[in-house]
Amino acid sequence: MIVFIDFEASSLAKDSYPVEVAWVFEDGRSQTRLIKPISSWNDWSEEAERVHGISREMLAAAGVPVDVVANEMLRDLSGHDLYASSPSWDGKWLSVLLRGAGLPRHALRLGKSDDLFAAAVRSALVDVSEDDAKAIVHRLIETTEPKSPAHRALPDALLELERWTLARQMTRTLGGGGA
């Protein structure tokens, strides 16, 4: 099953760590967790906090321990096809989370959502070039970009599901098989 994942983080610095994760299955089932930082995670950006609205106090009060979140993700997501809008960043934070729980950093792997969307377009338009499929996906993303992005993990993961659904609807409209 396809699953879209998104993280929010302490910053965009090298030592950043995940503060929130959400995942949504293609059937709409979803989960979101605030993540209680472990003691060695010290990085913090006030600017990142302003963007996502998650404070250190929120994490201390409502955050779920790293090992609990990581093990829940392994249990629920292993064996599924995982995608993120930015797998380089989200994959970094997934790796930090897994390592923080003492698990192998590549226990879960992320693909790029845009590649999945492009595959749906290519299945509808047999003769479409890779570049043209990417251009169609770029327009799809532009037209679905919220005026005021949520910058929270669950709304961002749900947006990826919406985009994939639209790409698949396009394949049905154009007579393709639907990826």
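Details
- Filter result (among the hydrophobic types (A, V, I, L, M, F, W, C) and not in a strand (DSSP E or B)) within the stretch 1-18: Met1, Leu12, Ala13
- Residues that are touching a strand residue (DSSP E or B) at 6+ places or on another chain (Cβ under 9 Å) and open to solvent by 20 Å² or more (accessible area, probe 1.4 Å) within the stretch 73-84 comprise Asp76, His80, Asp81, Tyr83, listed in sequence order.
- Close pairs from the stretch 92-113: first of a type in the set (S, T, N, Q), partner open to solvent by less than 70 Å² (accessible area, probe 1.4 Å) and part of a helix (DSSP H, G or I), Cβ under 6 Å, at least 6 apart: Ser113/Glu160
- Unmet criterion (only one of (1) closer than 23 Å to Asp27 by Cα; (2) surrounded by fewer than 18 Cβ atoms within 10 Å (Cβ to Cβ); (3) in contact with a Leu (Cβ under 8 Å, 6 or more places away or on another chain)) for Pro87: (2)
- For the stretch 23-37, the set of residues classified as out of contact with any Pro (no Cβ under 8 Å at 6 or more places or on another chain) and touching a residue at least 40 places away in the same chain (Cβ under 8 Å) consists of Trp23, Val24, Phe25, Glu26, Gly28, Ser30, Gln31, Thr32, listed by residue number.
- Taking each residue of the stretch 131-160 that is over 19 Å from Asp6 (Cβ atoms) and open to solvent by 100 Å² or more (accessible area, probe 1.4 Å) and looking for partners that are assigned to a helix (DSSP H, G or I) and among the small types (Gly, Ala, Ser) with beta-carbon atoms closer than 6 Å, six or more apart or interchain, yields Lys134/Ala118.
- Of Trp23, Trp41, all but one fail to be open to solvent by less than 60 Å² (accessible area, probe 1.4 Å), in a loop (DSSP other than H, G, I, E, B) and of a type in the set (Phe, Trp, Tyr); the exception is Trp41.
The values are calculated or read from the model by the stated rules, or taken from the named source; none is laboratory data. As the structure is a computational prediction, the values presented were derived from the model and not from experiment. Note that we place each Cβ from the backbone using ideal geometry, even for glycine, and neighbour counts take in every protein chain shown. Only protein heavy atoms, including side chains, enter the accessible area calculation; ligands, DNA and RNA are left aside. Shrake-Rupley method; radii C 1.70, N 1.55, O 1.52, S 1.80 Å.
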